[in-house]
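Take a look at the structure below.
The values are calculated or read from the model by the stated rules, or taken from the named source; none is laboratory data. This is a predicted model, so every value here is computed, not measured. Quick reminder, even Gly has a Cβ in these numbers, built from the backbone with ideal geometry, and neighbours come from all protein chains shown.
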There are 4 protein chains.
Amino acid sequence: MTREGNPAPPSARVHVCEYRVIYGDTDQMGFAYYANYLRWFEVGRNEYLRAVGYTYLRLEAEGIILPVVEAGCRYLRTAHYDDLLRIESWIEELGRVKVRFGYRICRNGEAEPLATGFTVHASLDPQSRPRRVPESLVAALRRFELEG
Amino acid sequence: MTREGNPAPPSARVHVCEYRVIYGDTDQMGFAYYANYLRWFEVGRNEYLRAVGYTYLRLEAEGIILPVVEAGCRYLRTAHYDDLLRIESWIEELGRVKVRFGYRICRNGEAEPLATGFTVHASLDPQSRPRRVPESLVAALRRFELEG
Amino acid sequence: MTREGNPAPPSARVHVCEYRVIYGDTDQMGFAYYANYLRWFEVGRNEYLRAVGYTYLRLEAEGIILPVVEAGCRYLRTAHYDDLLRIESWIEELGRVKVRFGYRICRNGEAEPLATGFTVHASLDPQSRPRRVPESLVAALRRFELEG
Amino acid sequence: MTREGNPAPPSARVHVCEYRVIYGDTDQMGFAYYANYLRWFEVGRNEYLRAVGYTYLRLEAEGIILPVVEAGCRYLRTAHYDDLLRIESWIEELGRVKVRFGYRICRNGEAEPLATGFTVHASLDPQSRPRRVPESLVAALRRFELEG
């Protein structure tokens, strides 16, 4: 699991979006609860796909689902109530029936991440059978990376 | 909204189940976050229906859904990490196309509630049209109340 | 509970912010889970206070906490994955030791709300004793309403 | 990250507890949302420590906190609404300033796991400085393993 501690590879285009931590995200230690980072990873990849011009809703409409088959997170520093987070997302691997996203969560205005992580997704049809990532999505991702 | 501050009416049979508060339920004030009480109300009514012998899964299988159309909660005292909660649930009203549940959340071993609340549910078919609460559910609820 | 079904009173200044529904907010009915609306009410009042120039963090730093003592929500229509929500928040009542917020949640671009609700907050000191809402907050709220 | 796909090592004593999946845990794919598994890992380790006779509350009272510094989960099969889950937890590593838990989540009555995972915790004092895992906890854990 060393990879996800690293920054995005130079070849990857990083998409950035923001999230404001609410009270409901914190726990009594005074920090954001650890499971919430996986919610923020979802925010990041949703907005990544929207920026690519290929929302997850569109994927579903085309008969593809991308359930998470693995996720991991390293918690380096703590996020606090009312922090404005910068969620960085990128594609780490694009296989035939698999996509891997990488993430970094930073406090806005800071360079050092609070957390880094990844999710691996299977590309499935609605009957949960492996199905190739659609060519149109691959093409859109390539265009997005080249524009970056 | 005075009703849900009151105990269950003497005519109602109260179902009791338990829930242990985790770190993820608390916020940085050191108490359980207010939205979680609505999750615990769901725990209560799920277990109520199971005790009646008519789980929500069975209702769905019979083509009935009971979405929440109104919910309310009074927060009287605070719940803390690792508290073992006693969730009390009962039926406050059983209409033709509507069910109203009442709830009390107590710390186990205490009489005074931490919170009281209610949810109102519409009885709908899968196309979201009003549909009478099934006679078999009404009969099961009546039996459950008489046994109590 | 008729009040919170109504729009904000003409005298109140309504603050608007946005939230994008994620997968983690939905449930298997395909709609946003009912407890999440209380999270969105929190988003609304956090941003309301920020717009007033008096964040909740500042209140806490001045020794005031505003725990929720009552909350209610009417669910009129359903919110879906990837909906961009418009959260409208306003002050319904400003008492000496109590604040009541009203909320409407709409799908962006639509006039009819998905849900309406309210929260009532006690003004307490860190030892949970009632403490008057600070004059500086009252003044900031009055200025905000007049500017509206 | 191969380790957490494996069953608990024969030397470890596995603690088992249960959790019932609610509607609020599911998403519109009809499965439990992936971040919730980290909540269930917390349920597992809380109950593990309670079984050891050394609750997390007691640790906090003794001036030790165990924040999560890394977490990972493999999602092998899907959990559904109303599933009764069996949460298996064990200690994978007990270092001087670090504890690693392993987990398996199964549907009750099934042998094949739905998910496997791990969390790594730093042992810190309230000022977030590394502090040795207390000897009394180490002794309690050793006793628990021997009794198993």
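Brief remarks follow.
- Of the criteria (1) in a loop (DSSP other than H, G, I, E, B); (2) buried (at least 18 other Cβ atoms within 10 Å of the Cβ); (3) more than 14 Å from chain C (Cβ to nearest Cβ); (4) in contact with a strand residue (DSSP E or B) (Cβ under 9 Å, 6 or more places away or on another chain), which one B:Arg13 fails: (2)
- Among the conditions (1) of a type outside the set (Val, Ile, Thr); (2) surrounded by 19 or more Cβ atoms within 10 Å (Cβ to Cβ); (3) within 27 Å of C:Glu47 (Cα to Cα), A:Arg50 misses just one, which is (2).
- Residue within the range A:61-77 that is of a type outside the set (Asp, Glu), in a helix (DSSP H, G or I) and over 29 Å from C:Ala51 (Cα atoms) present: yes
- Answer from C:Glu18, C:Glu110 - the residue that is surrounded by fewer than 16 Cβ atoms within 10 Å (Cβ to Cβ) and within 17 Å of the chain's Cα centre (by Cα): C:Glu18
- Residue selection: B:Tyr34 fails the criterion of being surrounded by fewer than 23 Cβ atoms within 10 Å (Cβ to Cβ) and in a loop (DSSP other than H, G, I, E, B).
- Criterion (modelled with pLDDT of 95 or more and in contact with a His (Cβ under 8 Å, 6 or more places away or on another chain)) met by exactly one of D:Gly30, D:Gly44, D:Gly72: D:Gly44
- C:Ser89 farther than 30 Å from B:Pro126 by Cα and not in a strand (DSSP E or B): no
- Looking only at the range C:42-100, and only at residues there that are within 14 Å of chain B (Cβ to nearest Cβ) and touching a Cys at 6+ places or on another chain (Cβ under 8 Å), the one that is farthest from C:Pro113 (Cα to Cα): C:Glu70
- Selection within the range B:104-114: residues that are away from chain C (no Cβ under 13 Å) and at pLDDT 95 or above. The member of this set that is nearest to B:Ala35 (Cα to Cα) is B:Ile105.
- All told, A:Arg96 meets the bar of being among the charged types (D, E, K, R) and assigned to a loop (DSSP other than H, G, I, E, B).
- Residue count for the range C:104-140, restricted to those that are of a type outside the set (Asp, Glu) and outside any loop (DSSP other than H, G, I, E, B): 21
- Selection count, the range B:101-125, where residues are basic (Lys, Arg) and either farther than 22 Å from B:Asp82 by Cβ or touching a Leu at 6+ places or on another chain (Cβ under 7 Å) (or both): 1
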